[in-house]
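Novice: For reference, the structure I am asking about is given below.
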Amino acid sequence: MSRIQSRFAALKAANRKALIPFITGGDPAPAHTVDLMHALVAGGADVIELGMPFSDPMADGPTIQLACERALAAGTTLTKIIALVAEFRRSDTTTPVVLMGYLNPIEHRGLEAFATQAKAAGVDGVLIVDLAVEETPEFAPVFKRAGLDLIFLIAPTSTPARIAAVAQQASGYLYYVSLKGVTGSAALDVDSVAAKLAEIRAVTVLPIAVGFGIRDAASAAAVGKVADGVVVGSALVSEIEKHAAQPETLPTLLRDKLLAMRVALDGIAR
């Protein structure tokens, strides 16, 4: 059982919902990433999604696009991201880490090399935004051999056939994108989310985490009532952007913002 599977099993047994924060690795500079990851754990993170900065993050809105620019300008590379996970693992051997990003840097590195190096560093799963399910016969066996969970996005527009195909290939958890659009979008219809989750649960037993539109404790609690977990990204990355010139303040700011969501999620689970 992977670290991700173990974490979700423990949460289910405790009747708790997963809190999954996202930050872009290397933002505002690589030297701060590990401290921020530990701050997220202190704020109640169950899984950390760590973004691999890319020059053309087409699924992301301006907030995360700018985070990628800051990280790349600070010298962040895929090699550095993997090294940062290894550094995090020196003092945290239990919190699952998922690398999230785009296919191009991985293919440039080489799929086998990337999977082997990521696993050796302590990565638990990979979410490749632009990896289509039709391409998984080439990719999935490599990640499976390395012991990495392959996590997929499901959209509001995903058809029943596509949801079933994704469910067959995925492991760890599924990431349901609650909104049409890019990260950082504002509107959130929990009733629509609940209806789509029911459709997804008909074809899989994997936990389903919901992201896009989770901004604060209230939205986290609302989505947590229908999902197995919530993903919060742009709301945290916005704090990094606002305080990038004072990076020493960021661990406390991110921890406190996440703690409010943790309290809200634990409140609904009782």
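Novice: Can you report the number of residues in region 114-139 which are at pLDDT below 95 and crowded, with 18+ Cβ neighbours inside 10 Å?
Specialist: So the answer is 5.
Novice: Does VAL98 satisfy being of a type outside the set (D, E, K, R), modelled with pLDDT of 95 or more, crowded, with 18+ Cβ neighbours inside 10 Å and within 21 Å of THR136 (Cα to Cα)?
Specialist: Against the criterion (of a type outside the set (D, E, K, R), modelled with pLDDT of 95 or more, crowded, with 18+ Cβ neighbours inside 10 Å and within 21 Å of THR136 (Cα to Cα)), VAL98 qualifies.
Novice: Hey, another quick one. Go through SER158, SER192, SER178 for me and flag whichever is more than 23 Å from ASP46 (Cα to Cα), among the polar types (S, T, N, Q) and crowded, with 18+ Cβ neighbours inside 10 Å.
Specialist: Only one candidate passes the filter, namely SER158.
Novice: Right, something else. Being in contact with a Phe, Trp or Tyr (Cβ under 8 Å, 6 or more places away or on another chain) and among the small types (Gly, Ala, Ser) is the requirement here; does GLY101 meet it?
Specialist: yes
Novice: Anything in region 167-181 that is more than 17 Å from the chain's Cα centre (by Cα) and closer than 20 Å to GLU138 by Cα? List them, or say none.
Specialist: ALA167, GLN168, GLN169
Novice: Next up: What's the number of the only condition in (1) closer than 19 Å to PHE22 by Cβ; (2) without any contact (Cβ under 8 Å) to a residue 40 or more places away in the chain; (3) in contact with a strand residue (DSSP E or B) (Cβ under 9 Å, 6 or more places away or on another chain) that ILE154 fails to meet?
Specialist: (2)
Novice: Report those helices (runs of 4 or more DSSP H) wholly inside region 1-100 carrying at least 3 residues which are without any contact (Cβ under 8 Å) to a residue 40 or more places away in the chain, farther than 22 Å from GLU248 by Cβ and of a type outside the set (D, E, K, R).
Specialist: Filter on region 1-100 gives 3-13, 78-89.
Novice: Does LEU78 count as at pLDDT 95 or above and either in contact with a strand residue (DSSP E or B) (Cβ under 6 Å, 6 or more places away or on another chain) or surrounded by fewer than 23 Cβ atoms within 10 Å (Cβ to Cβ) (or both)?
Specialist: Taking the combined requirement at face value, the residue satisfies it.
Here's the yes/no breakdown for (1) of a type outside the set (S, T, N, Q); (2) touching a Lys or Arg at 6+ places or on another chain (Cβ under 9 Å); (3) within 16 Å of MET37 (Cα to Cα):
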residue: SER219; (1), (2), (3): no, no, no
residue: LYS225; (1), (2), (3): yes, yes, no
residue: ARG255; (1), (2), (3): yes, no, yes
residue: ILE268; (1), (2), (3): yes, yes, no
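Novice: Another question, if that's okay. Those residues that are touching a residue at least 12 places away in the same chain (Cβ under 8 Å) and acidic (Asp, Glu), I need them from region 232-270; list them, please.
Specialist: Within region 232-270, GLU239, GLU241, ASP256, ASP266 meet the criteria.
Novice: Residues LEU250, LEU236, LEU265: which one is within 24 Å of GLY25 (Cα to Cα), more than 17 Å from the chain's Cα centre (by Cα) and crowded, with 19+ Cβ neighbours inside 10 Å?
Specialist: LEU250
The values are calculated or read from the model by the stated rules, or taken from the named source; none is laboratory data. All figures in this text were calculated on a predicted structure; none of them were measured in a lab. All Cβ positions, even for glycine, are placed from backbone atoms using ideal geometry, and neighbour counts span all protein chains on display.
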